[in-house]
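This report concerns only the one structure given below.
The values are calculated or read from the model by the stated rules, or taken from the named source; none is laboratory data. Just so you know, these numbers come straight off a predicted model, no measurement behind them. So basically every Cβ, Gly included, is an ideal-geometry build from the backbone, and we count neighbours across all protein chains shown.
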Amino acid sequence: MARIRSPSHRIKDQSTESQSLKTHRLQLREAHKTDLADLHQLFSSCEVMRYWACPTHTSIDQTKEYLDGMIASSTNGNLEFVIVLPAPMPLGPSSTIVSKEKIIGTAGIWDEATGEIELMLHSDYWAQGYMTEVLTTLIPILWQKGMQKLVADVDPRNNASIKVLNRFGFVETHRKKKTFETDIGWCNSVYLELWRPRRL
């Protein structure tokens, strides 16, 4: 989805309130240390990371460093969230199936100063309407929290992400060449933005 540069998070103010949001099928919440294994599945997937702004993670320590920065950030649970697929309900009182929630992506603002949005979704959940569901809930919350503009930096080849963002009113502003070097070589960028509606 939309790409993220190297994190430049501000350290979280202890007074910053985290928030948990619910969509029809998902939950958006702050990142926890216990999310490491699920997040590493995302960051170590060549398919998920194809159009990301950094190479695929080859060690869990790389993911831990990213997660630690996210947890320490003022945006964690405030403007930036992990996407949680809740554990399925037991089939009945006699069911012995034990399941747990799963982190299937991230979404939100990683840089409050620029309004750049970060979106990532596990490839097992692509083309099922999950990111549309997330943005339907998330974007109004970001306006309520005072964001004036959202910016997305997307690889021009990432048609699925561009299509989703266009659906919500993001429009292209400009393009640049060779903005990131990843597993697939040098990548270009198309920049899109969405302004806060005036009626709000």
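Looking across the range 176-200, the residues that are among the acidic types (D, E) and part of a strand (DSSP E or B) come down to E181, E193.
Within the range 77-106, residues that are surrounded by 24 or more Cβ atoms within 10 Å (Cβ to Cβ) and assigned to a loop (DSSP other than H, G, I, E, B) sit with their Cβ atoms under 8 Å from residues that are of a type in the set (A, V, I, L, M, F, W, C) and at pLDDT 85 or above, at 6+ positions apart or across chains, in these pairs: G77/A31; L79/I109; L79/L142; L79/M147. Counting only residues that are farther than 14 Å from G115 by Cβ and over 18 Å from the mean Cα position of the chain (by Cα), the range 141-155 holds 1 of them. Test Y130 against the criterion of being surrounded by 14 or more Cβ atoms within 10 Å (Cβ to Cβ), more than 24 Å from R25 (Cβ to Cβ) and of a type in the set (F, W, Y), and give yes or no. So Y130 fails the test. Only one of the listed residues (L142, L150, L119, L135) is at negative phi, touching a helix residue (DSSP H, G or I) at 6+ places or on another chain (Cβ under 8 Å) and in a helix (DSSP H, G or I). That residue is L135.
Considered as a group, the residues in the range 1-47 that are basic (K, R) and either over 16 Å from D61 (Cα atoms) or not in a helix (DSSP H, G or I) (or both) include one that is modelled with the lowest pLDDT, and that residue is R5. Report whether or not P197 is modelled with pLDDT of 95 or more and either at negative phi or buried (at least 18 other Cβ atoms within 10 Å of the Cβ) (or both). Answer is no for this residue.
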